[in-house]
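The structure appears right after this line, and notes come after that.
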Amino acid sequence: MKVSENLARINEKIEKACQRAGRSRGDVEIIAVTKYVTTERAKEALEAGIQHLGENRDDGLLKKYEALGNRPVWHFIGTLQTRKVKNIIDKVSYIHSLDRLSLAEEIEKRAAKLDKEINCFIQVNVSGEESKHGMAPGQVVDFVRKLKDFPHIRVAGLMTMAPLTEDEDVIRRTFRGLKQLQQDIESLHLDYAPCRELSMGMSNDFEIAVEEGATFVRIGTALVG
Ligand SMILES: *Cc1c(COP(=O)(O)O)cnc(C)c1O
(Lines give C-alpha, C1' and ligand atoms only; values in the text may rest on other atoms or scores of the structure.)
Protein backbone atom coordinates (compact mmCIF):
# COMPACT_ATOMS: atom_id res chain seq x y z
CA MET A 1 0.00 0.00 0.00
CA LYS A 2 1.15 3.51 -0.76
CA VAL A 3 1.59 5.72 2.28
CA SER A 4 -0.69 8.30 0.65
CA GLU A 5 -3.52 5.73 0.46
CA ASN A 6 -3.03 4.68 4.08
CA LEU A 7 -2.91 8.31 5.11
CA ALA A 8 -6.17 9.10 3.31
CA ARG A 9 -7.89 6.28 5.16
CA ILE A 10 -6.43 7.29 8.53
CA ASN A 11 -7.32 10.93 7.95
CA GLU A 12 -10.91 9.97 7.28
CA LYS A 13 -11.06 7.99 10.52
CA ILE A 14 -9.52 10.85 12.51
CA GLU A 15 -11.94 13.29 10.93
CA LYS A 16 -14.90 11.11 11.96
CA ALA A 17 -13.57 10.59 15.47
CA CYS A 18 -13.19 14.37 15.79
CA GLN A 19 -16.78 14.84 14.66
CA ARG A 20 -18.04 12.31 17.19
CA ALA A 21 -16.17 14.10 19.96
CA GLY A 22 -16.95 17.65 18.82
CA ARG A 23 -13.27 18.35 18.22
CA SER A 24 -11.52 20.17 15.44
CA ARG A 25 -9.40 18.07 13.06
CA GLY A 26 -6.72 20.74 13.24
CA ASP A 27 -6.06 19.87 16.87
CA VAL A 28 -4.75 16.39 16.06
CA GLU A 29 -1.27 15.83 14.58
CA ILE A 30 -0.12 12.53 13.13
CA ILE A 31 3.35 11.32 13.98
CA ALA A 32 4.44 8.69 11.48
CA VAL A 33 6.35 6.07 13.44
CA THR A 34 9.02 4.83 11.05
CA LYS A 35 10.90 2.42 13.34
CA TYR A 36 10.05 -0.67 11.26
CA VAL A 37 10.63 0.81 7.83
CA THR A 38 13.33 2.11 5.53
CA THR A 39 14.41 5.69 5.04
CA GLU A 40 12.80 5.52 1.59
CA ARG A 41 9.46 4.72 3.15
CA ALA A 42 9.88 7.55 5.67
CA LYS A 43 10.55 9.86 2.74
CA GLU A 44 7.39 8.66 1.07
CA ALA A 45 5.49 9.64 4.21
CA LEU A 46 6.91 13.16 4.01
CA GLU A 47 5.95 13.37 0.36
CA ALA A 48 2.41 12.31 1.29
CA GLY A 49 2.20 15.34 3.58
CA ILE A 50 3.36 13.98 6.94
CA GLN A 51 5.40 16.52 8.91
CA HIS A 52 6.22 14.62 12.10
CA LEU A 53 8.36 11.48 12.27
CA GLY A 54 8.86 9.30 15.35
CA GLU A 55 11.61 6.80 16.14
CA ASN A 56 12.10 4.72 19.28
CA ARG A 57 15.84 4.00 19.07
CA ASP A 58 18.77 6.35 18.79
CA ASP A 59 20.44 4.42 15.97
CA GLY A 60 17.23 4.32 13.91
CA LEU A 61 16.76 8.02 14.36
CA LEU A 62 20.37 8.81 13.47
CA LYS A 63 20.20 6.77 10.29
CA LYS A 64 17.08 8.51 9.02
CA TYR A 65 18.28 11.90 10.22
CA GLU A 66 21.37 11.54 8.03
CA ALA A 67 19.13 11.29 4.97
CA LEU A 68 16.25 13.57 5.92
CA GLY A 69 17.83 16.18 8.17
CA ASN A 70 15.50 18.75 9.62
CA ARG A 71 12.84 18.37 6.97
CA PRO A 72 10.55 16.52 9.40
CA VAL A 73 9.93 17.46 13.02
CA TRP A 74 11.60 14.63 14.95
CA HIS A 75 10.00 12.89 17.91
CA PHE A 76 11.78 10.41 20.13
CA ILE A 77 9.05 8.05 21.35
CA GLY A 78 10.85 5.08 22.90
CA THR A 79 12.36 4.23 26.22
CA LEU A 80 15.41 6.45 26.49
CA GLN A 81 18.57 5.33 28.22
CA THR A 82 20.33 8.21 29.90
CA ARG A 83 23.59 7.58 28.05
CA LYS A 84 21.80 7.82 24.67
CA VAL A 85 20.48 11.33 25.24
CA LYS A 86 23.59 12.94 23.77
CA ASN A 87 23.04 11.10 20.48
CA ILE A 88 19.59 12.49 19.82
CA ILE A 89 19.35 15.79 21.68
CA ASP A 90 20.47 18.00 18.78
CA LYS A 91 18.05 16.33 16.37
CA VAL A 92 14.73 16.02 18.16
CA SER A 93 12.10 18.61 18.98
CA TYR A 94 10.07 16.30 21.22
CA ILE A 95 10.89 13.52 23.66
CA HIS A 96 7.82 11.46 24.60
CA SER A 97 9.35 9.22 27.25
CA LEU A 98 10.46 11.39 30.14
CA ASP A 99 9.76 9.18 33.15
CA ARG A 100 12.47 9.82 35.78
CA LEU A 101 14.52 12.56 37.33
CA SER A 102 17.88 11.15 36.23
CA LEU A 103 16.72 11.36 32.61
CA ALA A 104 15.52 14.94 33.10
CA GLU A 105 18.93 15.84 34.56
CA GLU A 106 20.71 14.46 31.50
CA ILE A 107 18.33 16.12 29.05
CA GLU A 108 18.77 19.42 30.88
CA LYS A 109 22.55 19.15 30.86
CA ARG A 110 22.78 18.31 27.17
CA ALA A 111 20.11 20.79 26.05
CA ALA A 112 21.78 23.58 28.04
CA LYS A 113 25.03 22.97 26.14
CA LEU A 114 23.16 23.50 22.88
CA ASP A 115 21.11 26.36 24.31
CA LYS A 116 18.06 24.46 23.09
CA GLU A 117 14.65 23.99 24.65
CA ILE A 118 13.30 20.42 24.42
CA ASN A 119 9.58 19.72 24.42
CA CYS A 120 8.99 16.78 26.71
CA PHE A 121 6.05 14.52 27.32
CA ILE A 122 5.95 12.79 30.65
CA GLN A 123 5.26 9.12 30.07
CA VAL A 124 2.61 7.85 32.43
CA ASN A 125 1.74 4.25 33.17
CA VAL A 126 -1.98 4.91 33.55
CA SER A 127 -3.06 1.28 33.37
CA GLY A 128 -0.56 0.18 36.02
CA GLU A 129 0.61 -2.83 34.01
CA GLU A 130 3.93 -4.03 35.35
CA SER A 131 5.41 -4.46 31.88
CA LYS A 132 4.82 -0.82 30.96
CA HIS A 133 7.28 2.01 31.31
CA GLY A 134 6.22 5.32 32.68
CA MET A 135 5.57 7.00 35.95
CA ALA A 136 2.68 6.14 38.25
CA PRO A 137 -0.12 8.73 37.86
CA GLY A 138 0.15 9.72 41.52
CA GLN A 139 3.77 10.83 41.11
CA VAL A 140 3.35 13.04 38.09
CA VAL A 141 2.39 16.34 39.74
CA ASP A 142 5.34 16.21 42.14
CA PHE A 143 7.65 15.36 39.27
CA VAL A 144 6.38 18.29 37.19
CA ARG A 145 7.02 20.63 40.12
CA LYS A 146 10.62 19.44 40.31
CA LEU A 147 11.14 20.28 36.64
CA LYS A 148 10.92 23.96 37.57
CA ASP A 149 14.69 23.83 38.03
CA PHE A 150 15.27 22.53 34.49
CA PRO A 151 15.08 25.63 32.27
CA HIS A 152 15.69 23.75 29.00
CA ILE A 153 12.83 21.32 29.52
CA ARG A 154 9.34 22.39 28.56
CA VAL A 155 6.57 20.05 29.65
CA ALA A 156 4.46 19.97 26.50
CA GLY A 157 2.13 17.27 27.75
CA LEU A 158 1.64 13.68 28.78
CA MET A 159 2.10 10.41 26.93
CA THR A 160 0.78 6.93 27.50
CA MET A 161 0.39 3.55 25.86
CA ALA A 162 -2.86 1.68 26.34
CA PRO A 163 -2.82 -2.02 27.23
CA LEU A 164 -2.79 -4.44 24.33
CA THR A 165 -6.37 -5.62 24.55
CA GLU A 166 -9.52 -5.89 22.47
CA ASP A 167 -11.48 -4.41 25.36
CA GLU A 168 -12.37 -0.88 24.25
CA ASP A 169 -13.47 0.17 27.72
CA VAL A 170 -10.05 -0.60 29.17
CA ILE A 171 -8.36 1.40 26.40
CA ARG A 172 -10.77 4.29 26.77
CA ARG A 173 -10.34 4.40 30.52
CA THR A 174 -6.58 4.61 30.09
CA PHE A 175 -6.82 7.56 27.72
CA ARG A 176 -9.40 9.27 29.90
CA GLY A 177 -7.12 8.90 32.90
CA LEU A 178 -4.30 10.58 31.05
CA LYS A 179 -6.54 13.45 29.96
CA GLN A 180 -7.70 14.00 33.55
CA LEU A 181 -4.11 14.20 34.74
CA GLN A 182 -3.19 16.52 31.86
CA GLN A 183 -5.98 18.90 32.86
CA ASP A 184 -4.87 18.82 36.48
CA ILE A 185 -1.37 19.87 35.47
CA GLU A 186 -2.49 22.44 32.91
CA SER A 187 -4.60 24.08 35.60
CA LEU A 188 -1.49 24.68 37.72
CA HIS A 189 -0.54 27.32 35.11
CA LEU A 190 3.19 26.72 35.35
CA ASP A 191 4.99 28.64 32.64
CA TYR A 192 7.51 25.86 32.02
CA ALA A 193 4.75 23.25 31.95
CA PRO A 194 1.83 24.37 29.75
CA CYS A 195 0.94 20.67 29.43
CA ARG A 196 -1.66 21.11 26.71
CA GLU A 197 -0.77 18.06 24.61
CA LEU A 198 -1.78 14.42 24.85
CA SER A 199 0.38 11.88 23.02
CA MET A 200 -1.77 8.78 22.84
CA GLY A 201 -3.15 6.38 20.24
CA MET A 202 -1.36 3.93 17.94
CA SER A 203 -2.43 1.91 14.89
CA ASN A 204 -4.99 -0.16 16.74
CA ASP A 205 -6.47 2.44 19.07
CA PHE A 206 -5.99 5.92 17.58
CA GLU A 207 -9.70 6.50 16.94
CA ILE A 208 -10.51 5.99 20.63
CA ALA A 209 -7.55 8.21 21.54
CA VAL A 210 -8.83 11.01 19.31
CA GLU A 211 -12.30 10.70 20.83
CA GLU A 212 -10.68 11.05 24.24
CA GLY A 213 -8.59 14.10 23.41
CA ALA A 214 -5.31 13.02 21.77
CA THR A 215 -3.42 15.89 20.15
CA PHE A 216 -0.60 13.66 18.84
CA VAL A 217 -1.28 10.14 17.60
CA ARG A 218 1.74 7.91 16.96
CA ILE A 219 0.98 5.65 14.02
CA GLY A 220 3.37 3.10 12.57
CA THR A 221 1.96 -0.11 11.10
CA ALA A 222 -1.31 1.29 9.72
CA LEU A 223 0.46 4.18 8.00
CA VAL A 224 3.88 3.09 6.79
CA GLY A 225 3.98 -0.63 7.70
C1 LIG B 1 6.01 1.45 17.76
C2 LIG B 1 5.37 2.51 18.56
C3 LIG B 1 4.21 3.15 18.09
C4 LIG B 1 3.51 2.79 16.79
O5 LIG B 1 2.96 1.50 16.87
P6 LIG B 1 2.00 0.92 15.73
O7 LIG B 1 1.16 -0.06 16.45
O8 LIG B 1 2.88 0.31 14.70
O9 LIG B 1 1.18 2.05 15.20
C10 LIG B 1 3.69 4.17 18.88
N11 LIG B 1 4.26 4.54 20.05
C12 LIG B 1 5.36 3.93 20.53
C13 LIG B 1 5.93 4.38 21.83
C14 LIG B 1 5.95 2.90 19.80
O15 LIG B 1 7.06 2.31 20.29
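The values are calculated or read from the model by the stated rules, or taken from the named source; none is laboratory data. These figures come from a predicted structure and were not determined experimentally. Quick reminder, even Gly has a Cβ in these numbers, built from the backbone with ideal geometry, and neighbours come from all protein chains shown. Ligands, DNA and RNA are stripped out before the accessible areas are found, and what is left, the full protein with its side chains, is counted by its heavy atoms. Shrake-Rupley method; radii C 1.70, N 1.55, O 1.52, S 1.80 Å.
Scanning the range 120-131 for residues that are open to solvent by 50 Å² or more (accessible area, probe 1.4 Å) and under 18 Å from I77 (Cα atoms) yields one hit, S131. Checked against the criterion of being within 16 Å of the ligand (Cβ to nearest atom), more than 18 Å from N119 (Cβ to Cβ) and open to solvent by less than 30 Å² (accessible area, probe 1.4 Å), the range 64-85 contains one or more residues that satisfy it. Count of the range 86-125 residues, restricted to those that are within 16 Å of the ligand (Cβ to nearest atom) and without any contact (Cβ under 8 Å) to a residue 24 or more places away in the chain, is 1. Does the range 22-32 contain at least one residue that is within 15 Å of the ligand (Cβ to nearest atom), surrounded by fewer than 19 Cβ atoms within 10 Å (Cβ to Cβ), of a type in the set (D, E) and at pLDDT 95 or above? Yes: the range 22-32 contains one or more residues that are within 15 Å of the ligand (Cβ to nearest atom), surrounded by fewer than 19 Cβ atoms within 10 Å (Cβ to Cβ), of a type in the set (D, E) and at pLDDT 95 or above.
Within the set of pairs 6 or more residues apart or between chains, which connect a residue that is at pLDDT 95 or above inside the range 53-74 to a residue that is open to solvent by 60 Å² or more (accessible area, probe 1.4 Å) and within 16 Å of the ligand (Cβ to nearest atom) with Cβ atoms less than 6 Å apart? Note: pairs meeting the criteria are E55/K35; N56/K35; G60/K35.
At least 1 residues being open to solvent by less than 60 Å² (accessible area, probe 1.4 Å), more than 16 Å from the ligand (Cβ to nearest atom) and closer than 19 Å to S131 by Cα is the threshold, and among the helices (runs of 4 or more DSSP H) wholly inside the range 151-225 those reaching it are 168-186. The residues on offer are E207, E211, E129, and the sole one that is in contact with a Pro (Cβ under 7 Å, 6 or more places away or on another chain), over 26 Å from R110 (Cβ atoms) and of a type in the set (D, E) is E129. Collect the residues in the range 133-146 that are buried (at least 22 other Cβ atoms within 10 Å of the Cβ) and either aromatic (F, W, Y) or away from the ligand (no atom under 14 Å from the Cβ) (or both), keeping them in residue-number order. Listed by number, the list holds a single entry, V140. One residue stands out among those in the range 9-21 that are in contact with a Lys or Arg (Cβ under 9 Å, 6 or more places away or on another chain) and either of a type in the set (V, I, T) or away from the ligand (no atom under 16 Å from the Cβ) (or both): the one that is farthest from T221 (Cα to Cα), which is Q19.
When the residues of the range 86-119 are filtered to those that are part of a loop (DSSP other than H, G, I, E, B) and touching a Lys or Arg at 6+ places or on another chain (Cβ under 6 Å), the one that is surrounded by the most Cβ atoms within 10 Å (Cβ to Cβ) is I89. Taken across the range 165-175, residues that are hydrophobic (A, V, I, L, M, F, W, C) and touching a Leu at 6+ places or on another chain (Cβ under 6 Å) do not occur at all.
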